[in-house]
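Encoded as structure tokens, the structure appears first; notes follow it.
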Amino acid sequence: MKNNGRKIISIILSICMFSSVFSYASVPNVTAQASEREELEQKLEEINNKLDSLKKEKSETQEYINALDEKLVYLRNEYELTQAEAKNTTAQVEKLENSIEENTVTLANTKEEINTLQVNEQQLRTEFDSTYEDYCKRIRALYVSGNFSSTLEFILDSDGIYDFLTKLEMVASVTRRDSRLLKKVQKECEEIVATRNELKQKEQDLTKTQSILQSDTANLKVQKVNLAEKEKEMQKKSETIESQQQEANALLLKINNETQHFGEFHDMTQAEIDALDREFEEADKKYPVTTTTTTTTQKHESDNTKPNTTTTTTTKPANPGSSYINLTWPCPSHKYINCGFGDYYGHTGCDFSTGGKTGYDVVAADSGIVMISRDITCNRSTCKKSYHGGGYCSYGRYIVIRHDKLTKDGKMVYTLYAHNSQRYVSEGEHVSKGEVIAASGSTGNSTGPHLHFEVRVGGSTSSYAVDPERYLP
Ligand SMILES: [Zn+2]
Ligand SMILES: [Zn+2]
């Protein structure tokens, strides 16, 4: 029983310690979130003012779209912040619910233990009462029989030494029995005291658990209200984002149609990018890299054919252009970049507008293996986008090539060709520089016919995207 009690106390203590650690740890996080939110609100106010003044000028220009893009970034950040807060609150709610569940069990156990202790105490009292009564009776009997006020007097009253010794022997035996009885009385008394102390401790535990339960329950109520508010806020924010996105998309389409400079709607989500990144990584692993080995072999060969001299000199390849990556225009008929790398938030490539028409040759910018040749078919039942060019989403019908040649500093190069109307090559196929791989189009997330071209250096995923103009002629 005692061990069990200690276990429960230690559980309560550990819960208290854990919950206090948790609340301390979450404090700086909350402060950081609050200041981030404040900063975002400030930025949103500024951008809204800018949008208002642009609207007054009736300039539905690129500037207005850029401002809308900026606003959307802030709105999404705000949404993510709220989402993180909601996640924190959910974690707190779960923690409180667990704590309440555990403490409810603890409370029931403690109550049961108290009941058992009370029964024990009652039993001990009954035992003690009867032992004590026995003891009193015996003492009384001793005194009553001799009518003496003390054992000494009883002994001193003896006639002659024999009588004295007999009486002494009698007293000794009676005293032995009495002292055993007295010890029993003392022991039972101590047991009662110990039981009462334990009972007191348990009652204190009970009060403590009850107060923890009470505060947890109150806290839970607050957190649940908090969570409901956050969820409402998220719902509202996502509606705002959606309506702003639609406004931006409609405007972008209008301007793109007027200028014949086509690109993408600026609404790729991080989740979509992440999903594509995983596909790229998978595809990259699928085909063994031969580039490095080839390069090394070539180097060895040239070393071997070199005259054997004692002086070591650095030998440069005869034609540097053929050893390193050297990209050609991916859409030879259209070399004008109407929207460059980073021209809007999240634009990881450059756009070659094809003047409102589709079907132009898209070629491999350099030789390499076709790592990906796929269609991102739109799932209309789950797709939340406003535009689904040709029934496709995102990059639409797209191709990724991993090139044979590296950069001068030995990095792997990947190129990506998106929104094609036709794909002419399959995954795993080797293509040479300038080979036609697709027909340009406007599939997926596209405002009109154009080639979206990306260059990734050092890795296949989106974070390795660089400005293609650094590698184009
Ligand atoms: Zn779609
Ligand atoms: Zn683009």
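Annotation for L472 and S333: the two label points, set 7 Å from Cα along the Cα-Cβ direction, are 1.7 nm apart. Legend: calculated FRET efficiency, E435 to V225, from the Cβ-Cβ distance at R0 = 60 Å, rounded to 0.05, equals 0.45. Taking amide H as placed 1.01 Å from N in the peptide plane, L406 has its amide H under 5 Å from the amide H of I325, each at least 5 places away in sequence or on another chain. Whole-Hz Karplus values for the range 404-419 come out as 6, 9, 9, 6, 4, 8, x, 9, 5, 10, 10, 10, 10, 10, 10, 6 Hz, taken residue by residue from phi with 6.51 cos²θ - 1.76 cosθ + 1.60 and θ = phi - 60°; glycine and proline positions read x. Extension gain K137-E239, at 0.36 nm per residue separation less the Cα-Cα distance, in nm? That works out to 27.7 nm of additional length. Summary of packing: across the peptides 375-385, 411-421, the per-residue average of other C-beta atoms within 10 Å ranks them, highest first, as 411-421, 375-385. Other residues with beta-carbon under 11 Å from the beta-carbon of Y395 carry, at +1 per Lys or Arg and -1 per Asp or Glu, a net charge of -3.
Computing FRET efficiency as 1/(1 + (r/R0)^6) for T90 and Q204, where r is the C-beta to C-beta distance and R0 is 35 Å, gives about 0.55.
Summing charges over neighbours of T104, with a neighbour being any other residue whose Cβ is under 12 Å away from its Cβ, gives -3 when K and R count +1 and D and E count -1. For the listed residue pairs K87/K232; K335/K433; K55/K254; K187/K208, the alpha carbons are over 21 angstrom apart in K187/K208. Amide H to amide H distances under 5 Å link A438 with V362, Y424, where only residues 5 or more positions off or on other chains count and H is placed in the peptide plane.
Bear in mind that the values in this text are calculations on the coordinates, not laboratory data. Keep in mind the model is a prediction, meaning the values are calculated, not measured. Reconstructed Cβ throughout: ideal geometry from the backbone, glycine too, with neighbour counts over all protein chains shown.
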